[in-house]
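Since the structure comes first, as structure tokens, the remarks are kept for the end.
Any read-out appearing in this document is the output of simple, stated calculations on the displayed coordinates, not a laboratory observation. Quantities reported herein were computed from a predicted structural model and do not represent experimental measurements. Cβ sites come from the backbone with ideal geometry, for glycine too, and all protein chains shown count toward neighbours.
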Amino acid sequence: VPLFPGGYEYDVAVYTGRIVYIKAEASENYNVSLWVADVGVQPKKILSFGDFGDEDPYSIINPRISDDGTKIVYALFKFESNASSSKSVILQLWLVNADGTGNKLVAETDQLDLLPIAWSYDKTKVYLGSTSELSGASTSGLYSLDTNKGKIEKVENLPEVILWDLSFSPDKTKIAYVTFTYKKYSGPVAPYTIHITDIITGETIEVLKGE
């Protein structure tokens, strides 16, 4: 299966092995399509350039598939022209069934790195991660998107730190992530610490600390 390069461009359903991924359709950076592949079955394109009803360029990123392989959420960057002929960028969050049906807009935001990370265990929410610190206000952290109401809320009980390389436990109750210490250092990377936090209770343990 020709996967689009990059760790954020595909995802695997843990119970079925179904893969969702994006694929470049042409040399243009924005012209990508969304594909689904099952073991032993020919991959199927479920969304193509032009399926969004206008001519403004867009880019699909961070597709995330539910554990049972039935639902996909993805982020859509839309580059919209305005009266001054300049471009503005909007991040939209869309939901589609794995067979390509039911494609719908769920939410829209100007926080451009608020990207899907994982589905909740019961498939009612999608967790979103942000590493931004915008306009002096802390917007970094973990958020949840209610896929029925389209409401985005910040997940409380988490340390006020930037969560790098965030990943979830299978039951979606704990997260593992990396934090960095920004100071002078002589090694190839900044000193880091790997943590695990219970997103329900906020309990955090330190797993490994780099020198």
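Annotations for the structure displayed:
- Once backbone amide H atoms are built at 1.01 Å from N, ASN103 has ASN97 as its partners under 5 Å, excluding neighbours fewer than 5 places away on the same chain.
- Net +/- balance of residues flanking ALA37 in space, Cβ distance below 12 Å, scoring K and R +1, D and E -1: +2
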